[in-house]
Every structure is written in C-alpha cells, then in structure tokens.
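Peer 1: Quick one: the structure is below, questions incoming.
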There are 2 protein chains.
Amino acid sequence: MENFTYCTPTKLIFGKNAIEQLPEVMRPLGRKILLTYGGGSIKKIGLYDEVKRLLSDFEIYELPGIEPNPKYSPSVLDGVRLCKDNGIEAVLAVGGGSVLDCSKAICAGALYDGEPWDLISYQVKAQKALPLVDILTLAATGSEYDCGGVISRTETNDKIGYMDELLFPVASILDPRYTFSVSRKQTAAGTADAINHIMEQYFCEKHSVLTDGMCEAAIKSLIQNARVALEEPDNYEARSELMVDCSLACNGILSIGNSPSGWPCHGMEHALSGYYDITHGEGLAILTPRWMRHILNEKTIERFVSFGVHIFGIDASLPEAEIADQTIEKTYELFASFGIPMHLREVGIDDTRLSEMAHHIAVNEGLEHAWAPLQEQDILEILQASL
Amino acid sequence: MENFTYCTPTKLIFGKNAIEQLPEVMRPLGRKILLTYGGGSIKKIGLYDEVKRLLSDFEIYELPGIEPNPKYSPSVLDGVRLCKDNGIEAVLAVGGGSVLDCSKAICAGALYDGEPWDLISYQVKAQKALPLVDILTLAATGSEYDCGGVISRTETNDKIGYMDELLFPVASILDPRYTFSVSRKQTAAGTADAINHIMEQYFCEKHSVLTDGMCEAAIKSLIQNARVALEEPDNYEARSELMVDCSLACNGILSIGNSPSGWPCHGMEHALSGYYDITHGEGLAILTPRWMRHILNEKTIERFVSFGVHIFGIDASLPEAEIADQTIEKTYELFASFGIPMHLREVGIDDTRLSEMAHHIAVNEGLEHAWAPLQEQDILEILQASL
C-alpha cells in the first residue's frame with residue numbers, strides 16, 4: 001500500500017424521513033441560511049416546502065437556478081454576493097452534484113475577500129469556509145461525501161475540479177425517495193459517473209485484495225441496482241444502494257492505499273462538458289471504453305483481466321488478451337444497455353474542435369503523469385475513436 | 001437498506017514514517033500530554049524514544065503498564081487521576097486495542113466530575129472528553145477507527161463495551177512496520193478478532209450487494225495477508241493490508257445500512273475474558289464455529305451459503321445444507337490453521353463456571369434480541385460445545 005492520509009468527517013444521515021433531523025443539524029451552524037437549488041424539481045417533489053416548514057424559525061435566503069455543470073458566473077458569484085450581503089452563516093444545498101459543487105465554491109468564496117476564482121484555480125488557499133449541509137436528490141457525483149466540486153468558466157472553457165478539506169459537508173441527508181423522480185437519462189448518467197469514478201481508482205499500479213474487492217462490490221451493486229431502478233424508478237432498495245454506492249465511489253475509501261491513477265477519463269470529460277455542456281456521466285460513458293482500448297498493453301492488461309473476470313464473470317481460463325477484449329466490449333455494452341448514447345456525435349459533438357480540446361486537455365489535466373500516460377496525440381485519438 | 005447515521009471523523013495517517021506528522025497533529029490539542037502504553041514493547045522497538053524525541057517541546061506525563069483486557073482499576077482510574085492532577089490537555093495512546101480502549105475511557109473520565117464508571121456503564125452521558133491521538137502497534141480491534149472501547153471490572157467480572165461519539169481519535173498514526181514484531185499468537189488472534197468483527201456484521205437479516213461485497217473483500221484480505229504475515233512477519237504489504245482491514249472492520253463502513261446482528265460472539269466472549277482474562281481474539285475464534293453450528297436453520301442458511309461460496313469458494317451448485325456444513329467446517333479450519341487453540345480447555349477454561357457465565361451473558365448482553373436470538377440455554381450449549 002502507498003502512504004495515505006484519509007479523513008471524511010461528513011455525517012451521513014440516511015433513510016426514510018432523514019430530513020426530520022434537518023433542524024437539529026442546522027441549529028448549531030447559525031440562523032441565517034442560504035438555500036441553494038437547481039431548476040425547481042425540488043418544488044415539484046414537495047421537498048422545497050418541506051425544507052421551508054422544517055426551518056420556519058431560520059432566516060432563509062435563496063439561490064435558485066444552479067445549472068448542470070455549474071457556472072462560476074452567474075451561480076458562484078451570485079451565491080457569494082448573497083452570503084456577503086446578508087451575513088449568511090451556513091449554506092443548505094438541496095439537489096444533485098451540480099448544486100452541491102456550486103455551493104462548496106460559494107462556501108469558500110463567502111469568507112474570502114478577493115475574487116473567488118483565486119481559490120477555485122488554486123492561486124490562493126482558503127483559510128476558512130462557511131459550513132455546508134446538503135439534501136441529496138440525485139445519486140451520481142458523490143459530492144455529498146467528498147470535499148471537491150467542479151466549476152465551469154464559460155468564457156475560457158475551463159472546468160476545474162476544486163478540492164479543499166474545508167469543504168466537506170457537515171452533514172448529508174440522504175433519503176432515497178427523493179431520487180424516485182430522477183429520469184431514466186439521469187439515472188443512467190449518474191450510475192455511469194459513479195462506475196467510472198471507481199474504475200479510475202481500480203485501474204492503477206498499486207492496489208490490494210481489500211481495495212480490489214471493495215471497488216468490485218460497489219460496481220456490481222451499481223450495475224445490479226441501476227438495472228432495477230431503470231425499470232422501477234420507485235424501488236426503494238435499488239435507489240438506496242445506488243445512493244450509498246455513489247457516496248462511497250468518490251471519496252477515496254474504496255481505493256484506500258492505492259497508487260494514483262490520474263483520473264484520465266475525468267480529465268478528458270471536463271473538456272467535453274466545458275466546451276459543449278454535455279451531461280458529465282454520458283461523456284464519461286462514451287470515453288471509458290475508448291480509453292480502455294487505447295491504454296491496453298502488456299503493462300496494463302492485468303487490470304483488464306481482473307476487472308473482466310470479477311465484474312462481468314468472464315472465464316478466467318481464457319487467454320489474457322481475449323479476456324481484455326471482452327472486458328472492453330462488455331464495458332461498452334453495459335453503458336449502452338443503460339440507454340446512454342455511446343458516440344460523441346449523438347450528444348452534439350462533431351470533429352470540428354477535437355484538436356482544440358485535445359490540446360486544452362493536454363495542457364491543463366496533467367495526464368502525461370497518469371498511470372497509463374496520455375500525451376496530446378493519445379488524447380486526440382481517444383476523442384476521435386469516441387466520435 | 002436500514003436507516004442509518006454514519007460518521008467517522010478520525011484522520012488516518014498511514015504509511016512509512018507517518019509518525020513524522022505527530023508534532024503537527026498534537027500541537028493544536030495542547031502542550032500537556034498523557035502518554036499511555038502497555039507492557040513496554042514500544043520501548044523495545046524504539047517507538048517510545050521516537051515519540052519522546054518528536055514531542056521534546058511538549059510536557060509529557062506517562063501511564064505505562066496498561067494490561068490486555070484493560071482494567072477499570074488500576075488503569076482507567078490511574079489515568080483519570082493523572083489527567084486531573086496535571087491539567088492534561090490531550091492523550092496520546094501508543095499500543096494496540098487495549099491501550100486505546102483504556103485511553104478512551106480515560107479521555108471521558110478526565111473531564112467528568114463523578115466516578116468514571118458512571119460513564120462506562122452508561123448511567124451518565126459524557127458531555128465532553130479530552131482529545132485522543134494514537135499510534136497503533138497491533139492490527140486487531142479497530143479501536144483506532146471507532147469510538148468504542150471495552151473495559152473490564154475484575155471484582156464483578158464485568159467487561160463492558162463503552163461507546164461515545166466523543167471518543168473517536170482525532171488522528172490515528174498507522175505505520176505497518178510497528179507491527180513487524182507482533183508475535184504469531186497475537187497476529188493470529190488479531191486477525192481472528194477482525195474476521196469475527198466482519199462476520200458479526202455479515203450474518204444479519206438485511207444486507208446489500210455493496211455490504212456483502214465489502215465484507216467479503218476485507219475477510220479475503222485478512223485471510224490472505226495473515227497467511228503471509230504469519231510466515232514473514234516483516235512483510236510490509238501484508239502488514240499494511242492487515243492494518244487497514246482491521247481499521248475498517250469495526251467502524252460500520254463495511255456493513256453500512258445493514259440491520260443489526262446483535263454481536264453475539266462478542267457478547268459471549270466478553271464473559272470468557274471477563275472471567276478468565278483470555279486473549280479476546282482466541283476466545284472469538286473458539287466460539288465462532290460453535291455459534292454458527294448452533295444458529296444454522298432454514299431462516300439463517302442463506303448467510304452461511306453466501307459466506308461459504310464467496311469466502312471459501314465452495315461449489316455453489318451443492319445442496320444448501322452441504323454448503324452450510326462445509327462453511328462451518330472451513331471457518332473452524334481457518335482459525336486452526338492460524339495456530340489458534342480451538343478449545344476452551346486449551347486456554348484454561350473448564351466446565352466449572354460455564355453455567356455461571358451463560359447466566360451472566362444472558363442477563364447482560366441482550367442476545368435474546370440478536371438476529372439469531374440466544375437464550376441462556378443456547379448460550380450454555382454453545383459454551384459447552386466450545387470446551
């Protein structure tokens with residue numbers, strides 16, 4: 001195992017009626033709350049009213065309309081201004097990964113005197129941040145159980161993963177019933193996102209019996225439970241496992257002590273959705289099998305074999321190359337079976353900006369240091385194969 | 001999944017030379033430190049001198065000699081008095097589970113005006129506790145990553161599992177090299193302890209694809225790596241995995257969302273070591289296969305089958321009863337293969353007090369509410385079968 005420091009201090013409050021604990025969770029944090037949310041689905045499912053009722057003796061300000069792939073401007077900047085103007089003491093994010101990510105940047109920016117982008121772009125280290133609590137409505141990114149967020153800046157096509165230990169949520173309220181109304185498309189994309197999170201930790205140089213098994217367990221759970229949830233969106237057990245799988249998929253516990261992978265698919269996908277604003281999980285699902293094909297070689301094949309045998313039940317007695325081929329094939333088929341469009345052109349990306357994106361990725365994502373290093377030409381070839 | 005609240009705020013600092021972070025970990029906690037340790041093995045391996053060197057600008061008081069199955073008197077009481085007399089600000093526990101467990105009770109007792117036993121016996125809830133940091137020298141109980149401890153009170157044969165959220169260590173320093181000198185006996189017993197921790201979470205009513213897979217991963221890792229470490233005590237990778245396996249085995253992450261099992265083997269073992277002061281992990285290893293045999297029935301058999309197929313690779317196409325039988329047999333053989341004495345009489349327990357212990361367990365451990373309920377007669381039969 002590699003040396004590591006691991007700490008996730010967030011309290012997960014999971015289950016039916018978990019929200020009833022909201023007042024006691026918020027009370028010690030302050031009375032002036034910024035409530036952040038997205039396009040309004042929380043109003044449709046009654047969650048907005050429930051929050052307002054439970055927090056009736058708090059002073060609540062609102063930042064609605066946080067967009068998918070949340071934007072620095074207007075969302076982060078508006079939220080920071082609301083906090084500063086009104087002496088906000090805590091942020092309550094109600095939504096999916098985008099709302100949470102944006103809220104984390106707001107929490108940091110609210111207690112920083114300069115331009116919030118200084119923090120997000122790592123030019124300045126935050127010294128403090130407002131406390132964040134969230135109520136999750138979409139199982140996908142794992143933002144509810146990590147200290148990171150991804151923020152896009154449209155004018156520069158930048159999409160930056162911003163992490164700071166100050167930004168772990170104090171508590172995350174997880175009631176699987178809030179995800180019953182999540183669409184097929186978003187259920188599929190969220191699952192693909194989480195599967196990719198785990199694959200990015202699994203495909204690495206140093207791993208262990210423990211981490212291989214934990215990663216495989218979570219991926220198998222995601223696959224089985226997504227299949228159920230896609231057919232029966234209000235299946236409580238399936239939505240429960242998906243929710244917990246996603247929470248654990250991105251905070252490092254499943255790969256504790258593994259060597260770093262470099263998160264190559266995420267690095268590439270950030271450019272796709274930075275340039276084209278596509279759904280993150282769909283971008284990842286499209287890239288993953290092409291990335292696998294591109295990096296398959298003698299040094300990496302052991303991971304393909306292990307993954308294929310344990311996740312897809314491929315016959316371990318076959319020749320390694322055959323197992324690896326089948327593993328890539330079955331990964332593609334898995335995402336396709338969720339109904340995810342598996343070509344970039346199906347999500348509105350053609351070949352006009354592939355070179356520009358490959359260059360942007362090569363310059364910004366450090367993928368030449370990934371476990372299976374990617375130079376600009378490699379990245380371009382993966383993008384082309386994904387068309 | 002069942003409703004749950006999960007939070008483990010402890011920072012794990014793992015790896016070679018992790019101890020170098022000790023001063024910066026301790027600094028914010030205070031300058032007056034109580035250093036707690038056991039029989040002196042930390043002096044033999046140079047760890048005591050290293051701690052003193054790193055903390056040369058702290059004011060250090062010492063509580064040496066904490067015994068296995070740590071005792072309320074003298075250890076907890078001596079520690080509490082040292083803290084109160086000297087205005088101790090933080091406790092640094094260096095050792096295995098016994099030293100950590102005892103130190104947790106000291107942390108709580110130090111800031112309580114009454115008799116510490118009030119807290120341990122749950123008559124009074126602690127309002128605050130001294131911060132605890134530990135340096136682990138034995139992979140076994142998982143005390144470094146949970147908020148519980150087990151304290152024995154000799155005059156009443158009581159052995160109480162005491163838990164309080166205030167007692168999570170602030171940080172646990174895990175350098176696998178400190179466990180190179182752990183004896184065969186203790187390596188085996190520590191592994192058996194952790195395997196049993198996980199089995200007690202696995203054998204329950206409600207479980208998931210995720211938790212089954214995570215539990216199986218950790219048990220497989222424990223088995224494989226214990227076999228290596230028993231032959232090569234200074235194998236860094238094996239000692240690393242054992243250490244992390246044990247840390248995760250007892251804090252609930254592997255069984256997140258499972259229904260409770262009631263911890264029946266631990267409930268019974270606490271009486272064995274409460275009455276006879278035997279090694280906890282050995283007591284568990286002896287009891288576990290007899291407990292399995294006793295609770296096997298139509299309602300429980302699914303767990304035996306799943307465990308046997310996934311842990312021991314038993315042919316899943318065999319009749320369920322046959323798989324369950326083999327599972328019990330192989331569990332016994334596993335512990336025996338570690339060199340653990342597998343009969344109570346081999347660890348100095350004869351039949352003279354079995355009835356008394358069975359009664360004590362039945363009255364104190366609540367095992368009639370366990371997943372597979374145990375009445376006094378059941379407990380007695382399990383103890384008799386373990387002779």
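Since every read-out is calculated from the coordinates, none of them should be taken as a lab result. Everything numeric in this text was worked out from a predicted model, so none of it was measured. Counting neighbours? That spans all protein chains shown, and the Cβs are built from the backbone with ideal geometry, glycine included.
Peer 1: Between A:ILE301 and A:SER259, what's the calculated FRET efficiency when r is the beta-carbon distance and R0 is 25 Å? Round to 0.05.
Peer 2: Once the sixth-power term is evaluated, E becomes 0.90.
Peer 1: Show which lysines lie in cross-link reach of A:LYS220 when reach means a straight Cα distance below 29 angstrom and same-chain residues fewer than eight apart are skipped.
Peer 2: Partners within reach: A:LYS11, A:LYS16, A:LYS185, A:LYS206, A:LYS299, A:LYS330, B:LYS11, B:LYS206, B:LYS220, B:LYS299, B:LYS330.
Peer 1: Where the label is 7 Å out from Cα toward Cβ, how close does A:ASN17 come to the same position in every other copy, in nm, shortest first?
Peer 2: 5.4
Peer 1: Modelled label-to-label distance, A:MET163 and B:GLU62, 7 Å Cα→beta-carbon offset: nm?
Peer 2: About 4.0 nm, to one decimal.
Peer 1: Antiparallel versus total DSSP beta bridges in the protein assembly as shown: what percent is that, nearest 5?
Peer 2: The answer is about 30 percent antiparallel.
Peer 1: Using the Cβ atoms and a cut-off under 13 Å, what net charge is assigned to the surroundings of B:GLY252, where Lys and Arg are +1 and Asp and Glu are -1?
Peer 2: -3
Peer 1: Still on this structure: Mind telling me which of A:GLU50, A:GLU329, A:GLU298 comes out most flexible in a GNM of chain A, alpha-carbon contacts under 10 Å?
Peer 2: Ranking A:GLU50, A:GLU329, A:GLU298 by mean-square fluctuation puts A:GLU298 first.
Peer 1: Considering Cα pairs under 8 angstrom that are at least six residues apart, work out the relative contact order of the stretch A:233-372 and quote it in whole percent.
Peer 2: Reported as a whole number, the value is 31 percent.
Peer 1: On to the next question. Quick one: dipole size for the stretch A:184-385, taken about the Cα centre, charges +1 on Lys/Arg Cβ and -1 on Asp/Glu Cβ, in debye to the nearest 20.
Peer 2: About 240 debye.
Peer 1: Just tell me how shielded B:243-254 is by partners: mean number of partner chain Cβ atoms within 10 Å of each residue's Cβ, no decimals.
Peer 2: For this peptide, the per-residue mean of nearby foreign Cβ atoms is 2.
Peer 1: Helix B:236-249 versus the longest principal axis of chain B: what is the Cα-based angle in degrees, 0 to 90, to the nearest 10?
Peer 2: 80 degrees
Peer 1: I want to verify a result. In a Gaussian network model of chain B, Cα cutoff 10 Å, which of these has the top mean-square fluctuation: B:ASP234, B:ASP193, B:ASP146?
Peer 2: Taking springs between Cα atoms under 10 Å, the residue moving most is B:ASP234.
Peer 1: Right, next: Could you identify the residue of B sitting closest to the B-A rotation axis by Cβ and state that distance rounded to whole angstrom?
Peer 2: So the chain B residue sitting closest to the axis is B:PRO9, 2.
Peer 1: Tell me the relative contact order for the stretch B:11-179 as a rounded percent, counting alpha carbon contacts under 8 Å between residues six or more apart.
Peer 2: Relative CO of the stretch B:11-179 lands at 28 percent.
Peer 1: What is the mean number of Cβ atoms from other protein chains located within 10 Å of the Cβ atom of each residue in peptide B:5-16, rounded to a whole number?
Peer 2: Whole-number average of other-chain Cβ neighbours for B:5-16 is 6.
Peer 1: Among A:TYR61, B:TYR145, what is the fewest-to-most ranking by other Cβ atoms within 10 Å?
Peer 2: Neighbour counts put them in this order, fewest first: A:TYR61, B:TYR145.
Peer 1: Sort shortest first the distances from B:GLU329 to its counterpart in every other copy, using label points 7 Å along the Cα-to-beta-carbon line, and give them in nm.
Peer 2: Ordered by increasing distance: 4.0 nm.
Peer 1: State the Cα centre-to-centre distance between the stretch B:44-98 and the stretch A:1-43 in whole Å.
Peer 2: 36 Å
Peer 1: Explain nothing, just the number: relative contact order of chain B, from Cα pairs under 8 Å at least 6 residues apart, as a whole percent. Spell out each step's value before the answer.
Peer 2: Numbers: 734 pairs, mean separation 60.2, N = 387.
Worked out over chain B, it gives 16 percent.
Peer 1: Taking a point 7 Å out from Cα toward Cβ as the label site, list the nm distances between B:GLU302 and the same residue in every other copy, smallest first.
Peer 2: Result for B:GLU302, in nm, nearest copy first: 3.7.
Peer 1: What is the dipole size for chain B, taken about its Cα centre, with +1 at each Lys and Arg Cβ and -1 at each Asp and Glu Cβ, in debye to the nearest 20?
Peer 2: Here the size comes out at about 1040 debye.
Peer 1: Let me ask something additional. As a footprinting exposure proxy, order B:ILE256, B:ILE286, A:ILE151 by other Cβ within 10 Å, with the fewest listed first.
Peer 2: Result, fewest neighbours first: B:ILE256, A:ILE151, B:ILE286.
Peer 1: Note the angle between two axes, namely the Cα long axis of helix B:209-231 and the longest principal axis of the Cα atoms of chain B, as a number of degrees from 0 to 90, rounded to the nearest 10.
Peer 2: Between helix and principal axis, roughly 70 degrees.
Peer 1: Which whole number gives the average, over all residues in A:215-222, of C-beta atoms from other chains lying within 10 Å of the residue C-beta?
Peer 2: 5
Peer 1: Oh, and also: For chain B, with a Gaussian network of springs between Cα atoms less than 10 Å apart, report the residue from B:ALA192, B:ALA316, B:ALA218 with the top mean-square fluctuation.
Peer 2: Looking only at B:ALA192, B:ALA316, B:ALA218, the biggest GNM fluctuation is shown by B:ALA316.
Peer 1: A further question on this structure: I'd like the antiparallel share, as a percent to the nearest 5, of DSSP beta bridges with both residues in the stretch B:134-257.
Peer 2: 75 percent
Peer 1: Given the DSSP H assignment, sum -39500 (n - 2.57) over each helix run of at least 4 residues in chain A and divide by its residue total; what's the result at 222 nm in deg cm²/dmol, nearest 500?
Peer 2: Calculated at 222 nm, the ellipticity per residue is -14500 deg cm²/dmol.
Peer 1: With point charges of +1 on the Cβ of Lys and Arg and -1 on the Cβ of Asp and Glu, referenced to the Cα centre of the protein assembly as shown, which listed residue (B:LEU230, A:ALA321, B:THR179) lies farthest in the positive direction of the dipole?
Peer 2: The listed residue farthest towards the positive side: B:THR179.
Peer 1: Separate question: So how strong a dipole does the protein assembly as shown carry about its Cα centre when Lys and Arg Cβ are +1 and Asp and Glu Cβ are -1, to the nearest 20 debye? Mind showing how you got there, number by number?
Peer 2: On the way: 62 positive and 110 negative charges, 294 e Å.
That gives a dipole near 1420 debye.
Peer 1: Between A:LEU318 and B:GLN384, with labels modelled 7 Å along Cα→Cβ, what's the label distance in nm to one decimal, could you check?
Peer 2: 5.6 nm
Peer 1: Right, another one. Provide the gained length on full extension for the span A:ASP118 to A:VAL228, in nm with one decimal, where the gain is 0.36 nm per separating residue minus the Cα-Cα distance.
Peer 2: 35.3 nm
Peer 1: Here is a follow-up. Which angle between 0 and 90 degrees, to the nearest 10, do you get for helix A:354-364 versus the longest principal axis of chain A when only C-alpha atoms count?
Peer 2: In chain A, helix A:354-364 runs at an angle near 70 degrees to the longest axis.
Peer 1: On to the next question. Would you mind putting B:116-126, A:301-311, B:265-275 in packing order, based on average other-beta-carbon counts within 10 Å, highest first?
Peer 2: B:265-275, A:301-311, B:116-126
Peer 1: A further question follows. Need one number: % antiparallel among DSSP beta bridges in chain A, to the nearest 5.
Peer 2: That works out to approximately 20 percent antiparallel.
Peer 1: Same structure again: Kindly identify the stretch B:240-387 as rounded, prolate or oblate by the Cα gyration tensor criterion: order the square roots of the eigenvalues as a ≥ b ≥ c, call it rounded if a/c is under 1.5, otherwise compare a/b with b/c, prolate if a/b is larger, else oblate.
Peer 2: rounded
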